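Novice: Take a look at the following structure, please.
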Amino acid sequence: MKKVQIGIIGGTGLGEVLLKEAGGETVDVATPYGPPAGPPIVANWEGIDVAFLSRHGPGHCFNPTMVPYRANIFTMKKLGVQAVIASGATGSLREEIRPTDLVVCDQVIDKTLHRTNTFFDEGVVAHVEFADPFCPWLGGVLRDVGKNADTTVHPKGTYVCMEGPQFSTRAESQLHRQWGADLIGMTCMPEAKLAREAELCYALLALPTDYDCWRPADPAVGAAELLREILGNLQRVSQNALSLIREALKAIETPLPPCRCREALKSAIWTDKSRIEPAIRERLEPLISRHLAD
Ligand SMILES: [Zn+2]
């Protein structure tokens, strides 16, 4: 199988756009966690081999709780991917982050409750560092190209990841603002944690489509009209994200520069190597084999 270096995980909006835009060939990948949300598409884009994955699968069939996050990240690892650009539709918690702007996130607050958030749940214990959840190098590439973009690209933002699928109450929305958060979404966790465990660089581009519920809605705007506006924003912000990602791919030099994300397991495996069962070694081979070599 051809090795690719860059993965793109498209969330709501961008996932659909990417599947149409990507061209390329569909590949089948099996993982110990079942199949990914949909078959990844491998294509050469802007001179670089890229693997695309639609987070919610073709037709948007997996809700945020049910997305096969482990299979998705493991698939990227098996394809040889070293760095992932992920996107996610969000609500904005700040007046200055307007719908259809883009945000390169730098922090996250994890409020998810019902998702398996590790590859190291049995047979081997690992504790990766996660103080900075997103890759500084890959985020830096997005920030740099964002300076010349036609759309406003905010260079940082704190993303609250909630379980969903329902949206926040007004009290929760106001609480998230008081916490200092800038965006609310449902999907970057456990994805970013799993990417770190898989030693992938991972950057998150947030796509704000609305102001969540903290901001009083205009009483003159009806519910149907509001929904139309949000869907229109989703289309526009997805196109903005697509343009920015294309520019980022042009700016990425290969071979990729070294990054500490890709060494995340170096001192993180606490289990005595001699006690890791062959079945576990085999299951996690793409993730841990180089750290278990004597
Ligand atoms: Zn990195």
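Here, each number is a calculation from the coordinates, and none is a lab measurement. In this text, all values refer to a predicted model and were calculated from it rather than measured experimentally. So basically every Cβ, Gly included, is an ideal-geometry build from the backbone, and we count neighbours across all protein chains shown.
Novice: Looking at the range 188-268, which GluC sites (Glu not before Pro) are DSSP coil and have at most 11 other C-beta atoms within 10 Å of their C-beta? Could the numbers behind the result be given before it?
Specialist: On the way: sites: GLU191, GLU197, GLU199, GLU225, GLU229, GLU247, GLU253, GLU263; in loops: GLU199, GLU253.
Of the GluC sites (Glu not before Pro), the ones in loops of the range 188-268 whose Cβ has at most 11 other Cβ atoms within 10 Å are GLU253.
Novice: Would you mind finding the longest exposed-site-free stretch of the chain, with exposed trypsin sites (Lys or Arg not before Pro) meaning DSSP loop and at most 16 other Cβ atoms within 10 Å?
Specialist: Result, exposed sites excluded: 4-146.
Novice: Straight distance only, please: which lysines reach the Cα of LYS78 with their own Cα at less than 25 Å, same-chain residues fewer than 8 apart left out?
Specialist: LYS2, LYS3, LYS20, LYS193, LYS250, LYS266, LYS273
Novice: Can I ask one more? Of TYR211, TYR33, TYR69, which is the most mobile in a GNM of the chain whose springs link Cα atoms less than 10 angstrom apart?
Specialist: Fluctuation is largest for TYR33.
Novice: By the gyration tensor of its Cα atoms, with a ≥ b ≥ c the square roots of the eigenvalues, what is the shape of the range 89-220: rounded for a/c under 1.5, prolate for a/b over b/c, or oblate? Walk me through the numbers before you get to the answer.
Specialist: Values: a/c = 2.64, a/b = 1.31, b/c = 2.02.
Judged from the Cα gyration tensor, the range 89-220 comes out oblate (a/c at least 1.5, b/c at or above a/b).
Novice: Lys and Arg at +1, Asp and Glu at -1: add these up for the other residues within a Cβ distance under 14 Å of LEU226 and post the number.
Specialist: Every neighbour counted, the sum reads -3.
Novice: Amide H of VAL103 versus every other amide H placed in the peptide plane: which residues, excluding those fewer than 5 positions away on the same chain, fall under 5 Å?
Specialist: Placed amide hydrogens put HIS154, ALA206 under 5 Å from VAL103.
Novice: Which net charge results when you count Lys and Arg as +1 and Asp and Glu as -1 among the other residues whose beta-carbon is under 10 Å from that of SER92? Walk me through the numbers before you get to the answer.
Specialist: Values: positive: ARG94, ARG98, ARG215; negative: GLU95, GLU96, ASP101, ASP182, ASP210, ASP212.
So the surrounding residues net to -3.
Novice: Would you tally the net charge around ARG143, using a Cβ to Cβ cut-off of less than 12 Å, leaving ARG143 out, and scoring K and R as +1, D and E as -1?
Specialist: -1
Novice: Using a Gaussian network model on the chain with a 10 Å cutoff between Cα atoms, which of ASP150, ASP272, ASP182 fluctuates the most?
Specialist: Residue with maximal mean-square fluctuation among ASP150, ASP272, ASP182: ASP272.
Novice: May I pose another question? Note down the relative contact order for the chain as a percent, whole number, built from C-alpha pairs under 8 angstrom at least six residues apart.
Specialist: Averaging sequence separation for qualifying contacts and normalising by length gives 24 percent for the chain.
Novice: Among DSSP beta bridges whose residues both lie in the range 81-192, state the antiparallel percentage, nearest 5.
Specialist: Expressed as a percentage, antiparallel bridges in the range 81-192 total about 15.
Novice: Considering all projection directions equally, how large on average is the shadow of the alpha-carbon convex hull of the range 20-173, in square nanometres? Working shown, then result.
Specialist: On the way: hull surface 44.4 nm².
Hull-based average projected area comes out at 11.1 nm².
Novice: Once phi is turned into ³J(HN,Hα) by the Karplus curve 6.51 cos²θ - 1.76 cosθ + 1.60 with θ = phi - 60°, what whole-Hz value does each residue of the range 241-250 show in order, with x for glycine and proline?
Specialist: With coefficients 6.51, -1.76 and 1.60, one gets 5, 4, 4, 5, 5, 4, 5, 5, 4, 5 Hz.
Novice: Angle between the Cα long axis of helix 136-146 and the longest principal axis of the chain, 0 to 90 degrees, nearest 10?
Specialist: Computed tilt is about 40 degrees.
Novice: Of the residues ALA220, ALA279, ALA203, which exhibits the maximal mean-square fluctuation in a Gaussian network model of the chain defined by a 10 Å Cα contact cut-off?
Specialist: ALA220
Novice: Can you give the convex hull volume of the alpha carbon atoms of the chain per residue, in Å³? It would help to have the intermediate numbers written out before the result.
Specialist: Working: hull volume 37.9 nm³, N = 294.
Given the Cα convex hull of the chain, per-residue volume reads 129 Å³.
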